[in-house]
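> There's a structure below that I have some questions on.
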Amino acid sequence: MCGIAGILSKTGVGDDADLLDRMLGAMVHRGPDGQGTYLGDRAAIGMRRLSIIDLTGGWQPLYNEDKSLALVANGEIYNFVELTQELIARGHRFSTHSDCEVILHLYEEEQENCLRHLRGMFAFALVDIKRGTVFIARDRMGEKPLYLHETQDSLLFASEMKSLLSSGRVPFELDPGSVNDYFHYQYVPEPRTPLRAVRKLPRAHYLKVDLASWKVEQHKYWDMEDAPPVEGDPSELVRAELEKISELLIRADVPVGVALSGGLDSSAIAALAARKYPGTMHAFSVGYPGRPPNDERNNAKALADLLGMPFHEIELTTPELVAHFEQMNFERDDPIADISGFGYYSVNKAARAQGIPVLLQGQGGDEIFWGYEWVKDAALATDNMQNPGSQRREPFNLKRFVKTSLRRLSGAHRPAPASVPKAAGHRPIFHELAPDFRMALTDLRSNFTGRFIEQLGSASAYDFFTFDKPWKQSDILITRLISDTYLLENGIAQGDRLSMTNSVELRLPFVDYKLVELVIGLRKTHASDPDYLRFPKPWLRGAMQGILPEFIIDRPKQGFAPPLMEWHNALFKAYGHYLDGGYLVQSGVLTEQAGAELSAGPFPRGAIAPISFKALVLEIWCREMTKLVTPSVG
């Protein structure tokens, strides 16, 4: 586990060793244990290491037997033990016990097809010295990030945006379309970032760069929608796969813990991992002062006691949130307007303080097994739109849903009930069912300057889920869309940055690609099951029968539920003035009037991520990130 960075140049990297050092220096938190580099004529790559497996011998760059291949990698290859045994039997010689060395030997045999063997989370760059090429790849579900800055004859890459900006070669210029997306989604869906000059290598993609001809090719190597149909009992198959994953994901030469909320997803991970873990696994849980009804620590502790886990409580206080808010928005690397980030940050900080650098988390269970009602509603609505005469599912009324969603927004302001957009034949019904997205559709545009709207042109927040038919199975399409948006950019990205800023490796069993393929395969054969969409997570609940106590399996879903108004009011009291004539106003995104009005406090009130909160997060992000390239603002 580490952070990686590199410089590729058609004309030669020259004296760019100092530049690479600056890029790596911006990611010491991702790898506090040391640094390694490879410097070639046209390629310079490096890494910062957080030692998890082969603590003494796994230093990078890693090389193959004749040192014709050089590798830097971020992440973990969970099935490395099995792959190593197979490769040794075929005559390969290993020089370390590192999990990532298998990438080199698989590449020797199959080049880019090596990816089909890898089970894990990863982003890596491999220099093929003899061929004069570089192979860069990212894992299937996007657990490990990779940012790119490209010019006509050079390419810079890094695990974090901060690293690219620290190079001094990347201009800080906001991209209007991405900013508009951010205000609708509360994050920027990949491959775009808020900056014109930076993009992400999409999940499940790789790049091939010929350093002599400067031919750069990008390819997608995996799609969850291509998973083959799976017959059998869903609960039994899911349980068996989770048992396998649990055994793989506890492999480490350092202590492993679990983030435990008391809900179904994290409890399932804790129970399964505890059965396999050879030592004592510690549990970490967050709560609030006074233990209000939404505090889940009692349930989490009850399960931890049942599993024999030492239990660590972290109380999330308003003063602590305010104190860490600016730094947290910088460390997230992307602007993500999710108030729950404070929970991620605090749990990982506590784990590191206890000497536990690997943490398991239940992220992904809600998206893969459908714990969100609006996602199920989107699947029903899209299916009804495609198959208006279908009787296999209850009818879905979009107008009624939107009306109900708007009523949930209480307080001084409610968005006007705009007319429900008619889904075009090339757009499934998806994110417009999310209340905050609807709120942006009605309230956002009046805050933008005329110049910004002109720059925005025809770009629309709908663009991400607008594509030609024929669509594949509607419910599977919606699963992919929620995985590509909320799961990837809000959950996985936030989890990675806020764990790594505390030098903790976060492992997410529910986004293991084998489990994802299994669930998609089961969807293809069980779509007509009457319980398929009627009950929340029926397959996962069935899988955990006999493993988890009934008080966990039967309890209703309760998301991260902080004292929202108290937190928002405290944050605006401390930082709201930044918006009044701040970076977003000076750069021509917000009007002066909008900056002044949004600085006053949460607007609209009652929203989980009000427009004003999104503006505040983006304002602070811009201020903090520009410190890497220019003097600070204000």
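Coordinate-derived values only; no laboratory data. Computed from a predicted structure; not experimentally measured. Methodologically, a virtual Cβ is constructed for each residue, glycine included, from the backbone with ideal geometry; neighbour enumeration extends over all protein chains shown.
> Run the helix sum for the chain: -39,500 (n - 2.57) per DSSP H stretch of 4+ residues, divided by residue count, reported at 222 nm to the nearest 500 deg cm²/dmol.
On the way: 24 runs with 238 residues, N = 634.
Value at 222 nm, helices only, nearest 500: -11000 deg cm²/dmol.
> Charges at C-beta only: +1 for Lys and Arg, -1 for Asp and Glu. How large is the resulting dipole of the stretch 2-222 about its Cα centre, in Debye rounded to 20? Intermediate values should be presented prior to the final figure.
Details: 26 positive and 30 negative charges, 85 e Å.
Once rounded to the nearest 20, the dipole reads 400 debye.
> Still on this model: Determine the alpha carbon to alpha carbon distance for each of Lys208/Lys469; Lys472/Lys524; Lys144/Lys220; Lys10/Lys200; Lys276/Lys557 and list only those over 19 Å. Present the calculation step by step, with values, prior to reporting the outcome.
Values: Lys208/Lys469 30 Å; Lys472/Lys524 10 Å; Lys144/Lys220 16 Å; Lys10/Lys200 21 Å; Lys276/Lys557 27 Å.
From the list (Lys208/Lys469; Lys472/Lys524; Lys144/Lys220; Lys10/Lys200; Lys276/Lys557), the Cα-Cα distance tops 19 Å for Lys208/Lys469; Lys10/Lys200; Lys276/Lys557.
> Using label points projected 7 Å from each Cα along Cα→Cβ, tell me how many nm separate Ser446 and Asp554, to one decimal.
Inter-label distance under the simple model: 5.0 nm.
> Which of the trypsin sites (Lys or Arg not before Pro) found in the stretch 128-158 are loop residues per DSSP with 12 or fewer other Cβ atoms within 10 Å of their Cβ? Kindly include the intermediate steps, with their values, before the conclusion.
Values: sites: Lys130, Arg131, Arg138, Arg140; in loops: Lys130, Arg131, Arg140.
Of the trypsin sites (Lys or Arg not before Pro), the ones in loops of the stretch 128-158 whose Cβ has at most 12 other Cβ atoms within 10 Å are Lys130.
> When Lys and Arg each count +1 and Asp and Glu each count -1, what net charge do the other residues less than 10 Å away from Leu498, Cβ to Cβ, add up to? Don't jump to the answer; show the numbers that get you there.
Working: positive: Arg332, Lys349, Arg497; negative: Glu331, Asp333, Asp496.
Net of charged neighbours comes to 0.
> Shape of the stretch 289-373 from its Cα gyration tensor (a ≥ b ≥ c, root eigenvalues): rounded if a/c is under 1.5, otherwise prolate when a/b > b/c, or oblate? Show your work: numbers first, answer last.
On the way: a/c = 1.45, a/b = 1.22, b/c = 1.19.
Rounded.
> Report the charge-dipole magnitude of the chain in Debye, nearest 20, computed about the Cα centre from +1 at each Lys and Arg Cβ and -1 at each Asp and Glu Cβ.
The dipole magnitude comes to about 1200 debye.
> State whether the stretch 231-280 is rounded, prolate or oblate according to the following rule on the C-alpha gyration tensor (a ≥ b ≥ c being the square roots of its eigenvalues): a/c under 1.5 gives rounded; otherwise a/b larger than b/c gives prolate, and the remaining case gives oblate. All intermediate terms of the calculation are to be shown ahead of the outcome.
Details: a/c = 3.05, a/b = 1.52, b/c = 2.00.
Verdict is oblate for the stretch 231-280.
> Let me ask something else about it. Rounded to the nearest Å, what's the spacing between the alpha carbon centres of the stretch 563-632 and the stretch 208-277? Just the number, please.
After rounding, the separation between the Cα centres reads 37 Å.
> By average Cβ neighbour count within 10 Å, what is the ranking of 241-251, 227-237 from highest down? Don't skip to the answer; put the middle values down first.
Working: 241-251: 20.2, 227-237: 14.9.
Highest mean packing first, the order is 241-251, 227-237.
> Of the peptides 436-446, 540-550, 113-123, how do they stack up when ordered by the mean number of other Cβ atoms within 10 Å, highest first? If you can, show how the numbers build up before the last one.
Working: 436-446: 18.8, 540-550: 17.1, 113-123: 20.8.
Top to bottom by mean Cβ count within 10 Å: 113-123, 436-446, 540-550.
> Let me ask you something else. So if I restrict to the alpha-carbon atoms in the stretch 564-626, what is the Rg, and what is Dmax, the biggest pairwise distance, in Å?
Rg then Dmax for the stretch 564-626, in Å: 10.7, 32.
> I would also like to ask the following. Can you tell which of Gly58, Ile620, Pro228 lies farthest toward the positive end of the dipole of the chain, using +1 and -1 charges on the Cβ of basic and acidic side chains (Lys, Arg; Asp, Glu)?
Ile620
> What is the sum of charges around Cys622, taking Lys and Arg as +1, Asp and Glu as -1, for the other residues whose C-beta is under 14 Å from the C-beta of Cys622? Provide the component values of the computation, followed by the final result.
Working: positive: Lys162, Arg196, Arg332, Lys614, Arg623, Lys627; negative: Glu173, Asp175, Glu326, Asp333, Asp334, Glu619, Glu624.
Local charge sum for Cys622: -1.
> Let me ask something else about it. Let me check against my output: what whole-number percent is the relative contact order of the chain, with C-alpha pairs under 8 Å and at least 6 apart?
Working: 1179 pairs, mean separation 100.3, N = 634.
Relative contact order for the chain comes out at 16 percent.
> List the aspartates and glutamates whose Cα sits under 18 Å from the Cα of Lys301, skipping any in the same chain fewer than 8 residues away.
Leaving aside aspartates and glutamates fewer than 8 places away in the same chain, those within reach of Lys301 are Asp265, Glu313, Glu315, Glu550, Asp554.
> For Rg and Dmax of the Cα atoms in Å, the listed values are (1) 24.0, 71; (2) 26.3, 89; (3) 27.8, 91; which was obtained by calculation from the structure presented?
Derived directly from the coordinates: (1).
> If you don't mind, there's one more thing I want to ask. With the contact rule set at Cα under 8 Å and sequence spacing of 6 or more, what percent relative contact order holds for the stretch 564-626? Kindly include the intermediate steps, with their values, before the conclusion.
Numbers: 70 pairs, mean separation 21.9, N = 63.
Normalised by residue count, the contact order of the stretch 564-626 is 35 percent.
> Among Ser599, His577, Met565, which residue has its Cα positioned farthest towards the positive end of the charge dipole of the stretch 564-626, with +1 placed on the Cβ of Lys and Arg, -1 on the Cβ of Asp and Glu, and the dipole taken about the Cα centre?
Met565
> Rank Leu481, Leu522, Asn502 by how far each Cα sits towards the positive end of the charge dipole of the stretch 438-544 (+1 on Lys, Arg Cβ; -1 on Asp, Glu Cβ) and give me just the farthest.
Leu522
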